[in-house]
Amino acid sequence: DTGVSQDPRHKITKRGQNVTFRCDPISEHNRLYWYRQTLGQGPEFLTYFQNEAQLEKSRLLSDRFSAERPKGSFSTLEIQRTEQGDSAMYLCASSLALRGTGELFFGEGSRLTVL
Amino acid sequence: GENVEQHPSTLSVQEGDSAVIKCTYSDSASNYFPWYKQELGKGPQLIIDIRSNVGEKKDQRIAVTLNKTAKHFSLHITETQPEDSAVYFCAASITSGTYKYIFGTGTRLKVLA
């Protein structure tokens, strides 16, 4: 399978704990995006990388959230001191766009439940 | 700020009938409009897209139309089948220096056999 893969698929944690999600994009894709999706809503943009550079962060991404993409390959999204409001599906997507806009390929998501 | 509105939120049609979902975007700089289908427990999958230099695009039973002046775009599914049942999202790509996608709130389509 050469699609976008995310790990773990499900995570249940207690409030105040830290969690980390990993995303492996399609190998030749230069852009990587993180989105958050809550029940009944569309995906909300969190941040995106072009190669290893984090080019934009949404105001939804509080100081407790940090994302990295070392060496422009896989990416991690860490949430520190989780809160119940962080419960959501975290979606990763990648695209190949040399210029302009490219198709986003989404992973299956990592579902976070904060108790 | 940037916004994409999507209607209706739910849609039920009889198998074989057509379904239409409509979206409106706010940023006139948007120039790429994809539609995604999301099945339960899965990530969204692209089903069709349109760029701002085109008014209409068709792929078998699926078509998308774009009215740049009104900032409207629509998804049309003809001859619906039960496997078309899913949540559909429209999106607009904001290209003013970034390439993020703003998604609509989704339409849950149910095709009744």
Expected output is a single nm value to one decimal: the length gained when fully extending between B:Ser9 and B:Thr78, i.e. 0.36 nm times separation in residues minus the C-alpha distance. What is it?
23.0 nm
Roughly how many Å is it from the Cα centre of segment B:30-80 to that of segment A:1-20, as a whole number?
30 Å
For segment A:56-115, the convex hull over Cα atoms projects on average to an area in nm² of 5.1 nm²
Given a Förster radius of 22 Å and the C-beta distance between A:Ile12 and A:Arg81 as r, what FRET efficiency does 1/(1 + (r/R0)^6) yield to the nearest 0.05?
0.85
Measuring from label point to label point, each 7 Å out along Cα→Cβ, what is the A:Asn30 to B:Lys110 span in nm?
4.6 nm
The Rg/Rh figure for the protein assembly as shown, Cα atoms and Kirkwood Rh, to two decimals is 0.97
Return the loop-located trypsin sites (Lys or Arg not before Pro) in segment A:73-115 (DSSP other than H, G, I, E, B) with at most 16 other Cβ atoms within 10 Å of their own Cβ; answer none if there are none.
A:Arg81, A:Arg99
Placing +1 on each Lys and Arg Cβ and -1 on each Asp and Glu Cβ in segment B:1-101, then taking the dipole about the Cα centre, the residue among B:Asn53, B:Ala92, B:Leu66 whose Cα reaches farthest towards the positive end is B:Asn53
Under a 1.4 Å probe, counting only protein heavy atoms, B:Arg108 has an accessible area in Å², nearest 10, of 140 Å²
Computed over chain B, the relative contact order (Cα-Cα under 8 Å, seq sep at least six) in percent reads 37 percent
If R0 is 30 Å, what FRET efficiency do you get for A:Ala97 and A:Ser5 from their C-beta distance, rounded to 0.05?
0.90
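Could you please tell me the mean projected area of the C-alpha convex hull for segment B:1-56, averaged over all directions and given in square nanometres to one decimal? Walk me through the numbers before you get to the answer.
Details: hull surface 21.6 nm².
Result: a mean projected hull area of 5.4 nm².
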Dividing the mean separation of Cα pairs under 8 Å (6+ apart) by the residue count of chain A yields a relative contact order in percent of 36 percent
Among B:Val54, B:Val87, B:Val20: highest mean-square fluctuation, GNM of chain B, C-alpha pairs under 10 Å:
B:Val54
What ranking of B:His76, A:His29, B:His7, A:His10 comes out by heavy-atom accessible area, probe 1.4 Å, highest first?
A:His10, B:His7, B:His76, A:His29
Total accessible surface hidden between B and A, rounded to 100 Å², 1.4 Å probe:
1700 Å²
Rounded, prolate or oblate: which fits chain B, taking a ≥ b ≥ c as square roots of the Cα gyration tensor eigenvalues, rounded meaning a/c under 1.5, else prolate when a/b beats b/c?
prolate
Shielded residues, segment A:70-113 - accessible-area loss of 40 Å² or more between chain alone and all protein chains, probe 1.4 Å:
A:Thr101, A:Glu103, A:Leu104, A:Phe106, A:Glu108
Cα to Cα, under 22 Å, and not fewer than 8 places away if on the same chain: which lysines meet these conditions relative to A:Lys57?
A:Lys71, B:Lys100
Identify, among A:Ile12, B:Thr10, B:Leu112, the residue whose Cα sits farthest towards the positive end of the charge dipole of the protein assembly as shown, taking +1 on the Cβ of Lys and Arg and -1 on the Cβ of Asp and Glu, with the dipole about the Cα centre.
A:Ile12
Restricting to aspartates and glutamates and to Cα separations under 18 Å from A:Lys14, and discarding same-chain partners fewer than 8 apart, the set is A:Glu78, A:Glu83, A:Asp86
Counting Lys and Arg as +1 and Asp and Glu as -1, each charge on the Cβ, what is the dipole of chain B about the Cα centre in debye, to the nearest 20?
240 debye
Inter-chain Cβ neighbour average for residues B:41-49, partner chain, 10 Å:
5
What stretch of chain B, leaving out the sites themselves, is the longest with no GluC sites (Glu not before Pro) in a DSSP loop having at most 13 other Cβ atoms within 10 Å?
B:40-78
Along segment B:64-78, Karplus-curve 3J(HN,Hα) (6.51, -1.76, 1.60; θ = phi - 60°) to the nearest Hz, with x for Gly and Pro, reads 10, 10, 9, 10, 5, 4, 8, 6, 10, 9, 9, 10, 10, 10, 9
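The values are calculated or read from the model by the stated rules, or taken from the named source; none is laboratory data. All of these numbers come straight from a predicted model, not from anything done at the bench. Methodologically, a virtual Cβ is constructed for each residue, glycine included, from the backbone with ideal geometry; neighbour enumeration extends over all protein chains shown. All accessible areas refer to the heavy atoms of the entire protein, side chains included, with ligands and DNA or RNA removed. Shrake-Rupley method; radii C 1.70, N 1.55, O 1.52, S 1.80 Å.
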